[in-house]
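One structure is given below, encoded as C-alpha cells.
The values are calculated or read from the model by the stated rules, or taken from the named source; none is laboratory data. For clarity, every value in this text was computed on a predicted model and none was experimentally measured. Here Cβ is always computed from backbone atoms with ideal geometry, including for glycine, and neighbour counts include all displayed protein chains.
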Amino acid sequence: MTYDPKAIALSDAAEIIRLNEQEKQQGADILKPRLQTRKLADIVDTEYPDLKEPVKGLIIEGATVLAGGSKIGKSWLALQMCLSVASGEPFLGRDTDKGDVLYLALEDSERRLKQRTKKLSFKTGIDQDAYRNCIDMATKAPTVANGLIDLLDTWISEHKDARLICIDVMQKVRGITPGNRNAYQDDYAYLTTFQDLAKKHRIAIVLLHHVNRRDDKSIGDPFDRISGSNGIMGTVDTAIILTKKRGETHATMKIDGRDVNADDMILNFDDCLWTVVSEHAAEHNAKTAYDANPVVRLVKDIMKDRPNGVSLTAVDLMQESLNRYGDYATKTPTETGIALTKVADELLLYDDIIVEKTRQGGGRYIKLSKRVPCLDTLQTGMTL
C-alpha cells in the first residue's frame, strides 16, 4: 500500500466526525426525560412504616371526604372527632392517636363553637385540660386558589405532632368554579392538592361535604350521592357518607377507602352526641327488619302462648292475627305461606323457632316448634 498522507488525513477527519456525532448522541440520550422507576422486587423488599391512624380503622393518613345531608349533624361529628383525637380519647368506640388538630369551622361563629364545645365536653367527659394545647381553630380561611395549601403546610410544619386537619365545609375553601370547565378534572385537580399535602406530611385531612338530592333507591352506588363528579371518589383515599332520615336518631355510616377495611356502621345522634349502635350495619338492618315483620311478630306471640309447639293451617294463622291484633298479617293464605317461607331461616337463627310444612288428613299445615338447645349432647352425652 502506498503511503498517502492526504488519504490518511481524510480518514482521520471522518473518524473524528463520527466520534463527535456519537458523543453528541450519547449526551442527548443522557439528557432525555425518563420516568422515575423502581423494580417491583425492590418495592416488595422495602419495609414501610405503618399508616398513621388518628382514628383506628376509620380515619387514616390521606384525604378523606365525609359527606352528609345538611343539618344531619356532620359538624357535631367533626367537632367530636377533633376533641377525641386532641385528647387521645376514643371516637365512636375506636382508639385515637393523640396529637395536634386543626379544625376549620368555616360555617360557625366562635360563639357557637364555644357553646357546642362545652356541651360536647359535658357529654363525652373530655375536659378542657385534655385538649387545651392541642386544637387550633379558625372560622375563616382563604380558598385553595388564594393560598390555603401553603398556610396548611406551614401549620403542619410548626406542629410536629400534627395528626388531623378537619375542614368544615369543603366548598368554603374551593371558591366559585367556572361553568364551562370539566367537572371531573376540576374535582380531581382540587382534591389532589389536599391528597399531596397529606402524603407529604403523613397526616389525615378530612373534608366535610354535602350530598345531592338523589335517594338510595334511585342509584346503584350510595356514594353517587356525594355532591359533585366521580372525580371526588376517584381522588380521595377514603370516602364516608352519612345518611339519616329527618326526625330519626339512627344514621348509617358507609365507608369506602383504599386502606380502610370497615363495615358500614349504624350510629345514633342524640342531643349533640354521636354513638355507635352497631359496627355491622347490614346485620343490624336485617335484624331490625326481622323484628318489624308482622308475620314474625305473630309467630313469636303464638310460641309464647304455646311453647310446646302447634300445627296450624294458613287460614288458622290469619285468624290468629285477626284475634290478636284486629288485622291480618297477610292478605291471603297463600301470602301467609310465602311469608313464612321467607322468614323461616331467620326465625331459627334469632328465636330458635322451627317452621315445617306438613300434611295431616289431606290438609296442609304449618308446624311451629322450638329447637332444643344442644339436642345432640342431650341424646349422646357427648360434647360437640
Q | Candidates T96, T124, T154 - the one that is over 26 Å from the mean Cα position of the chain (by Cα) and of a type in the set (S, T, N, Q) | A | T154
Q: Give the residues of the range 341-372 that are closer than 28 Å to N285 by Cα and in a loop (DSSP other than H, G, I, E, B), sorted by residue number.
A: D352, R371, V372
(Q) Within the range 41-70, take every residue that is in contact (Cβ under 8 Å) with a residue 12 or more places away in the chain and of a type in the set (S, T, Y) and give me the one that is nearest to G99 (Cα to Cα). (A) T64
(Q) Could you list, ordered by first residue, the pairs with Cβ atoms under 9 Å in which the first is in the range 331-354 and in the same structural domain as D316 (by TED's automatic domain parsing) and the second is in a helix (DSSP H, G or I) and of a type in the set (S, T, N, Q), at least 6 apart or interchain? (A) T336/S321
Q. Which residue out of T313, T288, T330 is in contact with a Ser or Thr (Cβ under 7 Å, 6 or more places away or on another chain) and hydroxyl-bearing (S, T, Y)?
A. T330
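Suppose we filter the range 246-257 for residues that are surrounded by 11 or more Cβ atoms within 10 Å (Cβ to Cβ) and farther than 13 Å from A67 by Cα; how many remain? Write out each step before concluding.
Just the residues of the range 246-257 that are surrounded by 11 or more Cβ atoms within 10 Å (Cβ to Cβ), to begin with: 249-257.
Narrowing further to those that are farther than 13 Å from A67 by Cα: 249-250, 257.
Total meeting the criteria: 3.
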Q: Tell me which residues, restricted to the range 304-318, are of a type outside the set (D, E), surrounded by 14 or more Cβ atoms within 10 Å (Cβ to Cβ) and in a helix (DSSP H, G or I).
A: A314, L317, M318
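Residues checked against (1) among the hydroxyl-bearing types (S, T, Y); (2) farther than 26 Å from E53 by Cβ; (3) at pLDDT 85 or above:
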residue	(1), (2), (3)
Q171	no, yes, yes
N180	no, yes, no
F194	no, no, yes
S227	yes, yes, yes
D237	no, no, yes
K254	no, no, yes
D259	no, no, yes
A262	no, no, no
Q.
Out of everything in the range 266-286 that is of a type outside the set (A, V, I, L, M) and not in a strand (DSSP E or B), what residue ends up being surrounded by the fewest Cβ atoms within 10 Å (Cβ to Cβ)?
A. D271
Q.
Of the residues L79, L102, L83, only one is closer than 27 Å to R116 by Cα, modelled with pLDDT of 95 or more, assigned to a strand (DSSP E or B) and more than 17 Å from the chain's Cα centre (by Cα); which?
A. L102
Q: Go through (1) in a helix (DSSP H, G or I); (2) surrounded by fewer than 23 Cβ atoms within 10 Å (Cβ to Cβ); (3) of a type outside the set (V, I, T) and name the single condition D50 misses.
A: (1)
Q | Lone unmet requirement of (1) loosely packed, with under 15 Cβ neighbours inside 10 Å; (2) in contact with a helix residue (DSSP H, G or I) (Cβ under 9 Å, 6 or more places away or on another chain) for D150 | A | (2)
Q: Working only within the range 246-265, note down all residues that are outside any strand (DSSP E or B) and among the aliphatic types (A, V, I, L, M).
A: V260, A262
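Within the range 149-185, how many residues are of a type in the set (K, R) and closer than 23 Å to I240 by Cα? Steps first, answer last, please.
Step one: filter the range 149-185 for residues of a type in the set (K, R), giving 160, 163, 172, 174, 181.
If we keep only those that are closer than 23 Å to I240 by Cα as well, we get 163, 172, 174.
So the answer is 3.
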(Q) If D301 meets every condition in (1) surrounded by fewer than 19 Cβ atoms within 10 Å (Cβ to Cβ); (2) without any contact (Cβ under 8 Å) to a residue 60 or more places away in the chain; (3) closer than 30 Å to S121 by Cα; (4) among the acidic types (D, E) apart from one, which number is that one? (A) (3)
